[in-house]
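Asks: Here you go, one structure.
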Amino acid sequence: MKRVFIAAENPRSVPQQLLQITAVYPAELVSYDNLQSLSFESPALLVVDLGNMTRNSLSRLKSLSNTPILEKLCVLDTKSRHQVFQARELGIYNLVHRDDFSSLLVKLRELLGNYAKPNLGTECSGQIGSAVNTACSALDQMSQAILNDAPLPVPKLARSAVDITNTICTEGLDNWLSAVQQHHSHTYCHTMMVTGHAVSFAKALGLPEQKQYMLGLGGLVHDLGKVRIPLSILDKPAKLNAEERDLVNKHPRFSQEILRGRKEVPKDVVDMAVWHHEMLDGSGYPDGLSEESIPDSVRMVTIVDIYSALTEKRAYKDSYSPRQAFSIMSEMGNKLDQQLLRTFRKSILSTDLGALRRTAAC
């Protein structure tokens, strides 16, 4: 996928509409002063806001007009003949009206493709492929709804949770995990891994189908606050620095802010999204809850979230084996519900390190 740059006079004061791009594509912010120092050795897309451009910035941008592998998109007042003429002078023909994020997203997908869409190849079954694509589409719609302050697509997310539950039942957890780990985005991969582990954990506990589906919905929504964090940080192919880690750790609070007053989201799901980093000994965040204040559904999502993070493949770290991950989690002692952890461990290690056996009980 092309690299995406968002140019501004001051990257710290980028218009909100352009900042929203960072939630759907891993875009980099760059000042006009630094444009000429960028290396365009591979195809790239430069997004500019014409309304906030000075003469010097226009001059710097014009100097890049002969860079053949650099495509440009301009956000402007399309009713202003002057701004449209300026864009043409700069050789920019991809124009989007300011404050129209929906049209901007359509144009970005035309130029870049859909970042949410996985490339699964031909190895996974049709059922798994369909369930993965449906989940990614639901997560993408959730992100757009948050960005546009629209109702969350809870019915679609709930249907996706049912699809995932049924798919894991017939195809096996291991096949599900193998498929979702092919997604190019760590963010999407992690969410779908947590969801898969959550529904299989619920099944191992003998919970009723409706509860399994609710755990699946909680898995899909558990990190929704990360929509407010740039994908360039979430999918960074290197270890996060202290500032980036501090921002990522705010995602449960962001979830709480996003979900406040949204009656379309079940309370159990809200709890999972806001509290899945709480620890039984009170050392977690964002509210420092402990013991009985933490519902069982949250305890379960906390366990599968940690386990997924430990066993995921990342460019900058090796993944732990299931046994190594459980050893680390056992050493966390009274931070986790150790009884639930033992049940989860048994369900994973007794099924070929992840694969669920097909049974009539499904």
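Asks: Please get the size of the charge dipole for the chain, origin at its Cα centre, with Cβ charges of +1 on Lys and Arg and -1 on Asp and Glu, quoted in debye to the nearest 20.
Replies: For the chain, the charge dipole is close to 580 debye.
Asks: How long is region 104-259 along each principal axis, judged by its Cα atoms, biggest number first, in Å?
Replies: For region 104-259, the Cα spread along each principal axis is 41, 34, 33 Å.
Asks: Spin-label point model (7 Å from Cα, Cβ direction): what's the Glu331 to His97 distance in nm?
Replies: Here the modelled spin labels are 5.9 nm apart.
Asks: Rg over Rh of the chain, using C-alpha atoms and the Kirkwood radius, what does it come to?
Replies: 1.02
Asks: I would also like to ask the following. Region 1-28 to region 91-116: how many Å between their Cα centroids?
Replies: After rounding, the separation between the Cα centres reads 12 Å.
Asks: Still on this model: Can you give me the Kirkwood hydrodynamic radius for region 1-158, using every pair of distinct Cα atoms, in Å to one decimal?
Replies: 17.1
Asks: Give me, ordered by chain and number, the residues 5 or more places off Ala27 or on other chains with an amide H under 5 Å from its own placed amide H.
Replies: Leu231, Ser232
Asks: Tell me, what HN-Hα J-couplings in whole Hz come from the Karplus equation 6.51 cos²θ - 1.76 cosθ + 1.60 at θ = phi - 60° for each residue of region 102-111, using x for Gly and Pro?
Replies: 4, 5, 4, 5, 4, 5, 4, 5, 5, 8
Asks: Something else about it: Using the Kirkwood formula on the Cα atoms of region 8-85, what hydrodynamic radius do you get, in angstrom to one decimal?
Replies: 13.3
Asks: Using a/c under 1.5 as the rounded threshold, could you call region 221-267 rounded, prolate or oblate? The axes a ≥ b ≥ c are square roots of the C-alpha gyration tensor eigenvalues, and prolate needs a/b larger than b/c, oblate otherwise.
Replies: prolate
Asks: State the three equivalent ellipsoid semi-axes of region 147-198, derived from the C-alpha gyration tensor as the square roots of 5 times its eigenvalues, in descending order and whole Å.
Replies: Taking √(5λ) for each eigenvalue gives 22, 15, 7 Å, largest first.
Asks: Then there's this: Which of these, Leu139, Leu220, Leu247, has the largest mean-square fluctuation under a Gaussian network model of the chain (Cα springs below 10 Å)?
Replies: Of Leu139, Leu220, Leu247, the most mobile in the Gaussian network model is Leu247.
Asks: For region 111-189, what is the convex hull (Cα atoms) projected area averaged across all directions, in square nanometres?
Replies: 5.6
Asks: Rounded to the nearest 0.05, what FRET efficiency do Lys79 and Glu9 have when you use their Cβ-Cβ distance and R0 = 22 Å?
Replies: 0.45
Asks: A follow-up question, please. Quick one: work out the % antiparallel among DSSP beta bridges in the chain, nearest 5.
Replies: 5
Asks: Highest mean first, how do 198-211, 276-289, 82-95 rank when packing is the count of other Cβ atoms within 10 Å averaged over residues?
Replies: Packing order, densest peptide first, comes out as 198-211, 276-289, 82-95.
Asks: Now for a different question. Kirkwood Rh over Cα pairs of region 218-324 into Stokes-Einstein at 37 °C, 0.692 mPa s: D in µm²/s?
Replies: In µm²/s, the coefficient rounds to 223.
Asks: Using a simple spin-label model with points 7 Å from Cα along the Cα→Cβ vector, what separation in nm is obtained for Lys317 and Ser37?
Replies: 3.1
Asks: Could you calculate the contour length gain from Ala309 to Glu243, that is, 0.36 nm times the residue separation minus the distance between their Cα atoms, to one decimal place in nm?
Replies: 21.8 nm
Asks: If the reach is capped at under 27 angstrom between alpha carbons, list the lysines near Lys267, excluding any in the same chain fewer than eight residues apart.
Replies: Leaving aside lysines fewer than 8 places away in the same chain, those within reach of Lys267 are Lys156, Lys203, Lys211, Lys226, Lys250, Lys335.
Asks: Still on this structure, I have one more. Based on a Kirkwood Rh over C-alpha pairs, give the Stokes-Einstein translational diffusion coefficient of region 192-247 at 10 °C and viscosity 1.306 mPa s in µm²/s.
Replies: 122
Asks: May I pose another question? What ³J(HN,Hα) values, in whole Hz, does the Karplus curve 6.51 cos²θ - 1.76 cosθ + 1.60 give for region 155-167 when θ = phi - 60°, with x put for Gly and Pro?
Replies: x, 5, 5, 5, 5, 5, 4, 5, 4, 5, 4, 5, 5
Asks: List every residue whose amide H lies under 5 Å from the amide H of Val47, counting only residues 5 or more places away in sequence or on a different chain, with H placed 1.01 Å from N in the peptide plane.
Replies: Phe5, Ile6, Ala7, Leu73
Asks: Restricting to Cα pairs below 8 Å that are 6+ residues apart, what does the relative contact order work out to for region 238-362? Please round to a whole percent.
Replies: Once normalised by length, the contact order is 18 percent.
Asks: Hey, what do the phi angles of region 140-145 turn into as Karplus ³J(HN,Hα) couplings, whole Hz, using 6.51/-1.76/1.60 and θ = phi - 60°, x for Gly and Pro?
Replies: With coefficients 6.51, -1.76 and 1.60, one gets 5, 5, 4, 4, 5, 4 Hz.
Asks: Further question: Carbon and sulfur: what percent of region 85-132's accessible surface (1.4 Å probe)?
Replies: The computed percentage sits at 46.
Asks: Right, next: Leaving out ligands, DNA and RNA, and with a 1.4 Å probe, what % of the accessible surface on region 224-317 is carbon or sulfur?
Replies: C and S atoms contribute 51 percent here.
Asks: Toward the positive end of the charge dipole of the chain, about the Cα centre and with charges on Cβ (Lys, Arg +1; Asp, Glu -1), which of Leu29, Ser293, Val48 goes farthest?
Replies: Going by the charge dipole, the pick is Val48.
The values are calculated or read from the model by the stated rules, or taken from the named source; none is laboratory data. On a predicted model such as this, the values are computed, not experimentally measured, just so you know. Here the Cβ is made from the backbone with ideal geometry for all residues, glycine too, and neighbour counts use every protein chain on show. For the accessible areas, the whole protein counts, side chains as well, though only heavy atoms, and no ligand, DNA or RNA atoms are used. Shrake-Rupley method; radii C 1.70, N 1.55, O 1.52, S 1.80 Å.
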